[in-house]
Structures are given as C-alpha cells and as structure tokens.
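Enquirer: One structure follows; several queries about it will come next.
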Amino acid sequence: MNEETIDKILQELMKTYPSAECELNFSSPYELLVATILSAQCTDVRVNIVTSELFKEYNTPEKIVSLTEDELGERIKTCGLYKTKGKNIMETSKVLIRDYNSEVPGNMEDLIRLPGVGRKTANVVLSNAFGVPAIAVDTHVFRVSNRIGIAKGKTPEAVENELMNNIPKELWSHAHHLLIWHGRYTCKARKPECERCPIAPWCQYFRTCV
C-alpha cells in the first residue's frame, strides 16, 4: 500500500473518530500499567469499573504489595484470568519497589523486563503515560491492519514493524488509537460493518472479500 493511500486512510479515520484516545482511566504511569495488564482479554469498560474501586486505596506499588495475592485476586476477579494477572501485578510491583524506586520506567528495555509486560503493554504505557511515539498491536490493531492492507504480518511484532515503516513517526500513537477504535466500532471481528465503513474504497478486504 503506497504512502498516498495510507495518508487518505488515516485522514478519513481522523474525521470518523475525532475523539480517539486511550479508553483506560488512569492518573499515573503505574495505574496505566496495572490497567493495561488487566485489559488482556477483557474490555476497557470492565477494567475501568474494576480500577475505579481498586485505585481508591491501592494505586501505588507499596499499597498493592500490602495485599495478599488472594486479596488482590478478589478485587480484580471480574477482569478474568485474575490469578495470572494478580500474580503479575504483584511481582511487577515488587520489582518496581526494589529496582526502580517505585517508578515505572519510561523505556521499552526496562518495561518488558517486568513480569507480565510484553511489547503491547509496554507500548501502551510509553505512548499514553510518557508521550513516546509507539504503536501497540492488540487484537484490534492486528486484525484491522491486515484487513485494510496497511500492514500485513503473521505476528503482532511483524505488524508493529510494518506500521512503523508505513506511518510517519509523529502519527504512531494517534494511529494506534484510530485503528483500535475502528476495530471496536466498525471493523468488528465477527462481522465487519463494511457497508458503512469510511475507508472501504481503499480496503483490501472490502475489495476482495465483500
């Protein structure tokens, strides 16, 4: 897909989703890190419900480690996979206290060393908490990028690399949100709403499958 077509797609998505931004509620890099860990295979709406209560008392690494894993698990249970998520949040909090003066690091290398933090989570934190240009490839970004043809890849990292090559760096973070919103509200997983899609004229899926 050439540069001109990609620009048209992004411009159309900007007009369609003028409010596209991170939908997780947070007031610190640590809160965003916890919320993003909780968001795996869970909706942002559900995560926000859980964290609105959790963060009233437990919004720092020290406060989280004052809980037992079972106590934390009870508070995050409705996010699903709560045992694994709780363990990762607990272990990450301990590492932050021990190695980072309780501060979330603002670089990829250190973030992905934290338990339960992969490239997607790290990119969400870098982009939204630290203002670092980044493209986090979640299921929406992966699906939509491949369908449109803006990035073809069999792995999230391959899609991330191709998106970074195809999109100007200053637009990385915004493009990430645009693709997520398009995947949530139009280019849905089971039944994409192609008949009302603003970028259908340039979409490879629409041209070949619909």
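Enquirer: Calculate for the chain the 222 nm mean residue ellipticity that helices alone would give, adding -39,500 (n - 2.57) per DSSP H run of length 4 or more and normalising by residue count, nearest 500 deg cm²/dmol. Please list the in-between numbers first.
Expert: Numbers: 12 runs with 126 residues, N = 210.
Helix-only estimate at 222 nm: -18000 deg cm²/dmol.
Enquirer: Continuing with the same structure: Among 120, 154, 94, which one shows the biggest mean-square fluctuation in a GNM of the chain, springs joining Cα atoms closer than 10 Å?
Expert: 154
Enquirer: How far apart, in nm, are the 7 Å Cα→Cβ label points at residue 99 and residue 195?
Expert: So the two model labels end up 5.3 nm from each other.
Enquirer: Taking Cα pairs under 8 Å and at least six residues apart, what relative contact order does the stretch 131-210 come out at, in percent?
Expert: Across the stretch 131-210, relative contact order equals 34 percent.
Enquirer: Please give the contour-minus-distance gain from residue 69 to residue 7: 0.36 nm per residue of separation, less the Cα-Cα distance, rounded to one decimal in nm. Could the numbers behind the result be given before it?
Expert: On the way: separation 62, 0.36 × 62 = 22.32 nm, distance 4.70 nm.
Gain on stretching residue 69 to residue 7: 17.6 nm.
Enquirer: Whole angstrom only: what separates the Cα centroid of the stretch 4-39 from the Cα centroid of the stretch 134-210?
Expert: If we compute the Cα centre of each part, the gap is 13 Å.
Enquirer: Now, a different point. Quick one: 3J(HN,Hα) in Hz for the stretch 172-180, Karplus 6.51/-1.76/1.60 with θ = phi - 60°, rounded, Gly and Pro as x.
Expert: Here the 3J(HN,Hα) series is 3, 5, 5, 4, 4, 5, 4, 5, 4 Hz.
Enquirer: Residue-wise, which Karplus ³J(HN,Hα) couplings in Hz belong to the stretch 20-27, taking 6.51 cos²θ - 1.76 cosθ + 1.60, θ = phi - 60°, and x for glycine or proline?
Expert: 4, 7, 4, 9, 7, 8, 7, 10
Enquirer: Using the structure shown, list the pairs from 87/120; 77/188; 83/152; 83/191; 120/191; 15/188 with a Cα-Cα distance above 23 Å, or answer none. Before the final figure, lay out each step's value.
Expert: Working: 87/120 19 Å; 77/188 26 Å; 83/152 34 Å; 83/191 32 Å; 120/191 25 Å; 15/188 19 Å.
Violating the 23 Å limit, Cα to Cα: 77/188; 83/152; 83/191; 120/191.
Enquirer: So, counting K/R as plus one and D/E as minus one, what does the shell of residues with Cβ under 15 Å around residue 162 add up to?
Expert: +3
Enquirer: Roughly how many debye, to the nearest 20, is the charge dipole of the stretch 129-210 about its Cα centre, given +1 on each Lys and Arg Cβ, -1 on each Asp and Glu Cβ, and no other charges?
Expert: Computed charge dipole of the stretch 129-210: roughly 380 debye.
No value in this document is a laboratory result; all are computed from the given coordinates. What you are looking at is a predicted structure, and each value in this text was computed from that prediction instead of being measured. FYI the Cβ positions are ideal-geometry reconstructions off the backbone, even for glycines, and counts take in every protein chain you see.
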